[in-house]
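Written out below as structure tokens is the structure these notes cover.
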Amino acid sequence: MLQILRNCLLSLLAIAVILGIPLLSFHPSLSVEFTPPDRGSPEQVDAGGTRFADFERPGERVIPVFMDGEELECPLSAILPPENYGLTRQAYPTIFYHTPPVEGVEVIFSLRDAQDTLIYQTRYLTGPDHGTYGLPIPAYVNVQPLHPYQAYSWTVEIPEFEASVSGTIVRVNTTASFDEAFATASAEERLQLLADAGLWYDMLDQLAQLHRENPDDPQWSRLWTQIAEDAELMKVGDKPLL
């Protein structure tokens with residue numbers, strides 16, 4: 001009997017090899033390491049004659065929120081590296097932040113240019129979902145695209161708690177070699193390309209898209225936790241990237 005089973009197994013293996021059927025489905029574990037712009041490769045992002053460190057701005061990335069005298073589980077958070085600024089290659093990027101687990105409170109998002117002129121503002125009430133949100137800057141006729149190499153500041157306010165966080169976003173031009181590699185890369189490869197180039201906002205947007213397309217794949221949640229922890233945002237890393 002054992003010989004018969006062995007012969008059957010060998011026959012099945014031979015058929016699989018001939019037909020090219022994969023015997024095991026193996027998905028390697030991804031790991032993304034973000035490279036700050038000042039340490040990125042010059043073949044990826046054109047600095048435009050600027051020093052990226054000059055875009056660092058003072059501001060609060062994380063503000064604890066209290067209700068009835070008790071601190072809520074997660075703070076109001078700007079999802080940014082410790083330098084409090086990030087780069088994008090998009091004219092209308094998506095900006096990420098985390099709101100505390102409170103339903104029905106007003107949130108005000110504002111985007112201003114280097115002259116403190118209001119470019120875009122929206123208000124909404126929080127819903128039942130608790131996590132980190134990506135807010136896309138809409139390509140409306142009356143919303144100007146981000147101009148390259150200009151620092152734009154953004155704030156997220158919750159008036160009811162007198163809490164606000166802020167950050168800076170700078171649009172840059174990527175190099176021809178980066179654009180060529182990006183055009184032919186897979187979705188997972190694009191994530192690493194964006195991280196290597198120091199394009200913080202686009203890296204998060206790519207990760208959020210991968211998570212939405214494959215919500216049952218745990219590697220995207222794990223990568224989000226890793227990125228949040230690397231950015232010293234541990235309290236929000238175990239909450240969903242929405």
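The values are calculated or read from the model by the stated rules, or taken from the named source; none is laboratory data. It should be emphasised that the depicted structure is a prediction, and the values quoted were computed from it without experimental measurement. So basically every Cβ, Gly included, is an ideal-geometry build from the backbone, and we count neighbours across all protein chains shown. To get the accessible areas, we keep the full protein, side chains included, count just its heavy atoms, and leave off ligands, DNA and RNA. Shrake-Rupley method; radii C 1.70, N 1.55, O 1.52, S 1.80 Å.
Tabulated values for the structure
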read-out	value
Whole-number percent relative contact order across segment 139-216, with pairs defined as alpha carbons under 8 Å at least 6 apart	19 percent
For segment 106-242: span of alpha carbons on each principal axis (Å, largest first)	42, 35, 28
Neighbourhood net charge (13 Å Cβ-Cβ; Lys/Arg +1, Asp/Glu -1) for residue 219	-3
Residue-by-residue Karplus 3J(HN,Hα) for segment 66-74, coefficients 6.51, -1.76, 1.60, Hz, glycine and proline x	10, 9, 6, x, 10, 6, 6, 4, 10
Cβ-Cβ FRET estimate between residue 176 and residue 33, R0 fixed at 25 Å, reported to 0.05	0.55
Area accessible to solvent at residue 67, 1.4 Å probe radius, in Å²	70 Å²
Label point distance in nm, residue 189-residue 160, each placed 7 Å from Cα along Cα→Cβ	4.7 nm
Local electrostatic count, residue 125, Cβ distance below 15 Å [Lys/Arg +1, Asp/Glu -1]	-4
Chain lengthening between residue 209 and residue 139 when straightened (0.36 nm per residue, less Cα-Cα)	23.3 nm
Length released on extending from residue 150 to residue 114, taking residue separation times 0.36 nm less the Cα-Cα span	12.3 nm
Amide H within-cut-off set for residue 174, under 5 Å, with H built and near neighbours excluded	46
Percent accessible area from carbon and sulfur atoms, segment 115-190, protein chains only, probe 1.4 Å	49 percent
Segment residue 217-residue 56, extension gain: residue separation times 0.36 nm, minus the distance between their alpha carbons	54.5 nm
Where segment 56-105 is the region considered: accessible area per residue in Å², 1.4 Å probe	43 Å²
Spatial separation of Cα centroids for segment 84-119 and segment 173-193, in angstrom	25 Å
